[in-house]
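Peer 1: Take this structure first; my questions come after.
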Amino acid sequence: MMKVTQQIGGWALSVIRILFGWIWLKSGYDKLSGGFGVESLIPVIAENRDSPEWYKTFFSHVVSPFSGVFDVVIPWGEILIGLGLIIGLLIVPALVMSVFVNANYILADMIFTYPTDILIATILLTGKRFTSYVSVERWLYSKWRKSWKGAEKRM
């Protein structure tokens, strides 16, 4: 009975992970193809009363001078998070970056669905064993484990 429950949980969390990855992939692609620009956010964040002062300072002194870099890094970061979650490779780093990016959106006072996204990422991180049930990572791990055991015997 426990094995069946684990399989159902594994499939369920894997499907949630893949759908969550699709949301990230689509968001990054929309930013990349839609002419996303960080420069337009700088005055909005500077005038906003809900963002912390340290974040406003960071945005004006770090993001503003390098806005061209952030215009590329943010969409590609979202695309890579999405691909990692869809394929099931580097799942934990993708989920951690997901939380980091969403926290930045919240700090910028862009509260849309980001708290929900953080909750989903936290659930997937907590259930990591089941989140990777259907993934490239699980397949690679079993291959690596076999080769490591062979290497230990040769030592």
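Peer 1: Can residue 50 be described as in a loop (DSSP other than H, G, I, E, B) and more than 24 Å from residue 134 (Cβ to Cβ)?
Peer 2: yes
Peer 1: How about the stretch 36-81: which of its residues are open to solvent by less than 60 Å² (accessible area, probe 1.4 Å), among the charged types (D, E, K, R) and free of Cβ contacts under 8 Å to residues at least 24 places away in the same chain?
Peer 2: 56
Peer 1: Given 26, 31, which one is of a type in the set (Lys, Arg), touching a residue at least 24 places away in the same chain (Cβ under 8 Å) and within 19 Å of residue 109 (Cα to Cα)?
Peer 2: 31
Peer 1: Would you confirm whether any residue within the stretch 105-113 is of a type outside the set (Asp, Glu), open to solvent by less than 50 Å² (accessible area, probe 1.4 Å) and closer than 30 Å to residue 14 by Cβ?
Peer 2: Taking every residue of the stretch 105-113 in turn, at least one turns out to be of a type outside the set (Asp, Glu), open to solvent by less than 50 Å² (accessible area, probe 1.4 Å) and closer than 30 Å to residue 14 by Cβ.
Peer 1: Looking at the stretch 17-35, which of its residues are in contact with a Gly (Cβ under 9 Å, 6 or more places away or on another chain) and open to solvent by 50 Å² or more (accessible area, probe 1.4 Å)? Outline the logic, then answer.
Peer 2: Looking only at the stretch 17-35, we keep the residues that are in contact with a Gly (Cβ under 9 Å, 6 or more places away or on another chain), and these are 17-18, 20-29.
Correct list: 18, 22, 23, 26, 29.
Peer 1: From (1) in a helix (DSSP H, G or I); (2) closer than 30 Å to residue 12 by Cα; (3) over 11 Å from the mean Cα position of the chain (by Cα); (4) not β-branched (Val, Ile, Thr), pick out the condition that doesn't hold for residue 85.
Peer 2: Looking at each condition in turn, residue 85 falls short on (3).
Peer 1: Moving to a separate point now. Hey, residue 63 hits all of (1) within 21 Å of residue 86 (Cβ to Cβ); (2) modelled with pLDDT of 85 or more but one; which does it fall short on?
Peer 2: (1)
Peer 1: Can I ask one more? Please find, among 95, 85, 90, the residue that is touching a residue at least 24 places away in the same chain (Cβ under 8 Å) and surrounded by fewer than 19 Cβ atoms within 10 Å (Cβ to Cβ).
Peer 2: The unique qualifying residue is 90.
The values are calculated or read from the model by the stated rules, or taken from the named source; none is laboratory data. Please read all numbers here as calculations on a predicted model, not as lab measurements. We place every Cβ from the backbone using ideal geometry, glycine too, and count neighbours over all the protein chains shown. Note: areas computed on protein heavy atoms with side chains; ligands, DNA, RNA excluded. Shrake-Rupley method; radii C 1.70, N 1.55, O 1.52, S 1.80 Å.
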